[in-house]
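The values are calculated or read from the model by the stated rules, or taken from the named source; none is laboratory data. Just so you know, these numbers come straight off a predicted model, no measurement behind them. No Cβ is skipped: glycine too gets one built from the backbone with ideal geometry, and neighbour counts run over all protein chains shown. We work out accessible area using only protein heavy atoms, side chains counted, and drop any ligands, DNA or RNA first. Shrake-Rupley method; radii C 1.70, N 1.55, O 1.52, S 1.80 Å.
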Amino acid sequence: LQAYERRFPTCPLIPMFVASDTVNEYKSEDEAIHVIERRCKLDIDAPRLLKKIAGVDYVYFVQKNSLNRRERTLHIEAYNETFSNRVIINEHCCYTVHPDNEDWTCFEQSASLDIKSFFGFESTVEKIAMKQYTSNIKKGKEIIEYYLKQLEEEGITFVPRWTPPVACELESSTSHARRPVSPAITIPDSATKEGLNNKEILNTSSSPAEPTAGTPDDKLDADYIKRYLGDLTPMQESCLIRLRKWLQETHKGKIPKDEHILRFLRARDFNIDKAREILCQSLTWRKQHQVDYILDTWNPPQVLQDYYAGGWHHHDKDGRPLYVLRLGQMDTKGLVRALGEEALLRYVLSINEEGLRRCEENTKVFGRPISSWTCLVDLEGLNMRHLWRPGVKALLRIIEVVEANYPETLGRLLILRAPRVFPVLWTLVSPFIDDNTRKKFLIYAGNDYQGPGGLLDYIDKEIIPDFLGGECMCEVPEGGLVPKSLYRTAEELENEDIKLWTETIYQSASVFKGAPHEVLIQIVDASSVITWDFDVCKGDIVFNIFHSKRAPQPPKKDSLGAHSITSPGGNNVQLIDKVWQLGRDYSMVESALICKEGESVQGSHVTRWPGFYILQWKFHNMPACATTSLPRVDDVLASLQVSSHKCKVMYYTEVIGSEDFRGSMTSLESSHSGFSQLSAATTSSSQSHSSSMISR
């Protein structure tokens, strides 16, 4: 605490901390309680233009320190005084004595930032705040150690503990016998429960703490820790040993390596109970799905090898394996349509398993612990097609599985050439990513990655991929559009022997001449949003949306009527009764949309009224020749061959509340999807234009 007090009124180790003034101070009569409130003057490292617009040169914070010598705690609260009506910053720090070892100090810190408005520079202010906060966190331990060393140089190596004044001392002599510092005792599991979560344990004793009684005898060798695990505090080492021993005693099957156990402990801030829970769930999951053998027993389909624009590429400056993903050049929708979500998930799992293997290899090569990899994501070419909702849902499922079973494996994520549409995708995905993982993201727009603080800070110039302006040939596939001929129906995908998850978000339907396929959607709240996405796999169709106040009758078994044709899987449903009249029993709420074979269509409709909405895919009749009333030869021949009257669509629909939809409204307006520069190479999706009006 004496070392901490030396930071005031100013600290040369924190250049931004210019000065501080005491505005309020309180001491109790027995000097057990000392509360001091300071007004601190900070010189924030911000662009000069921003300071000029804001009209300030310095920023003022109020800091309140509450020292309780009786309970041996120090609480520090800080909040901003400057721009408090626009930006709200709160920080809380707490120093306490470890309940089981009085030579250890526990430190806990939390902070929050809420930017309401800042002259249109909200995102810039957020980046500056995070940069300053991260810098201060890194320096915190360095500063306290600097002043501890300063005290030692002055001959101060021991500070007597506070005792109550004699006049106030009412305790018996037997109570006094309990006051001296107790020796170190066993650290029970409860020491790492919720109460100590998110805390860093600092050993502040002048001599090494004695081994705690009850810890496993097989203490980890110091050379082994340095070579394979990295820096561990005594508490962290103890947690690792106990969790490993518990697994050996209770878990049947393969025990994971220390490096893997350590990842789960770090993911839960060395809270043993929480780490044990997620680790056991992960081990069960790995056993059920045979993940340990995925690299040896599963070969990725050729479609993935040809069109998945990702692969391993050397290593970064820290020795971490480097994975390159050209997401902007990848047809995510085509991959999901051709393979299904399960195959994509399995491929992502194989990438993670390969990453673990490469980490072990690099640990041996570089002679130091490497437990994570770096991912470089190039977003050049990212557009609205990548915001296709079923694709985003599949991505979120993959993130969920990876976060649960591969914690602390991502060392750094470099996102390059982020386009204007990226914030929309980030808004959808970021809530599903762990906070610790999000802190490892570095995002560069345009060519910012080529400047200071860019790619060269993390990757050697010799291995920067050629498509990023480097000289190293990158063997990662270039991606491109997946041919629609490779698309498969939900039924076909279900026959695959892949069961990592069982949900299917797509449905297929057959459309016949005179027998459209219809989907009923009941809307209770007006202003709900009906969204759809479908591919026309065969034939030409007309897409309609109708509204009715009354529910149509359930479809009849012989839904194809006069055709007497049963489609595979019974995927043709007709809802609109033949006696219904358009304009009387039901109404059209969107203009009819003609869709050609091979086209992909995405759209949405904001409902005006509650009731029953019917999405209809109808066979498109070619117009008869305008110069004669006689039927054309082609029409006659087509009428004699039923198979030519069959169309096939794959579709997905969803209803969203309007309040949840407005943030991404533009991404789902009905349109024929284009795909960056690659669209020019195709005839089926070379246009990107609005083809449906949204009803308000």
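Things worth noting here:
- Within segment 75-92, being acidic (Asp, Glu) and either crowded, with 16+ Cβ neighbours inside 10 Å or in contact with a Lys or Arg (Cβ under 6 Å, 6 or more places away or on another chain) (or both) holds for Glu77, Glu91.
- Filter result for the condition that a residue is closer than 25 Å to Cys359 by Cα, touching a residue at least 40 places away in the same chain (Cβ under 8 Å) and open to solvent by less than 20 Å² (accessible area, probe 1.4 Å), over Leu382, Leu414, Leu387, Leu395: Leu414
- Here Asp296 fits the description: in a helix (DSSP H, G or I) and more than 27 Å from Ser508 (Cα to Cα).
- Selection status of Arg337, farther than 25 Å from Gly446 by Cβ, open to solvent by 20 Å² or more (accessible area, probe 1.4 Å), outside the structural domain of Leu232 (by the TED database) and of a type in the set (D, E, K, R): no
- Here Ile44, Ile53, Ile14 are screened, and the one residue that is surrounded by fewer than 14 Cβ atoms within 10 Å (Cβ to Cβ) and modelled with pLDDT under 85 is Ile53.
- Ser135 falls short on exactly one of the conditions (1) at pLDDT 80 or above; (2) open to solvent by less than 90 Å² (accessible area, probe 1.4 Å), and that condition is (1).
- Screening Glu492 on (1) farther than 23 Å from Ile398 by Cβ; (2) modelled with pLDDT under 85; (3) not in a strand (DSSP E or B) shows it passes everything except condition (1).
- In segment 4-19, the residues that are farther than 12 Å from Gly140 by Cβ and either among the aromatic types (Phe, Trp, Tyr) or touching a helix residue (DSSP H, G or I) at 6+ places or on another chain (Cβ under 9 Å) (or both): Glu5, Arg6, Phe8, Met16, Phe17
- Criterion (within 21 Å of Thr10 (Cβ to Cβ), open to solvent by 80 Å² or more (accessible area, probe 1.4 Å), in contact (Cβ under 8 Å) with a residue 24 or more places away in the chain and not in a loop (DSSP other than H, G, I, E, B)) met by exactly one of Lys149, Lys141: Lys141
- Applying the criterion of being at pLDDT below 90 and open to solvent by less than 30 Å² (accessible area, probe 1.4 Å) to the residues of segment 562-589, the residue that is nearest to Pro552 (Cα to Cα) is Asn572.
- Number of the exception - Pro99 against (1) surrounded by fewer than 18 Cβ atoms within 10 Å (Cβ to Cβ); (2) within 25 Å of Ile143 (Cβ to Cβ); (3) touching a residue at least 60 places away in the same chain (Cβ under 8 Å): (2)
- Of all the criteria given as (1) open to solvent by 20 Å² or more (accessible area, probe 1.4 Å); (2) under 27 Å from the mean Cα position of the chain (by Cα), the one not satisfied by Glu237 is (2).
- From the list Tyr323, Tyr307, Tyr293, the lone residue that is among the hydroxyl-bearing types (Ser, Thr, Tyr), in contact with a strand residue (DSSP E or B) (Cβ under 8 Å, 6 or more places away or on another chain) and open to solvent by 40 Å² or more (accessible area, probe 1.4 Å) is Tyr307.
- Of all residues making up segment 340-379, the number that are open to solvent by 10 Å² or more (accessible area, probe 1.4 Å) and part of a loop (DSSP other than H, G, I, E, B): 6
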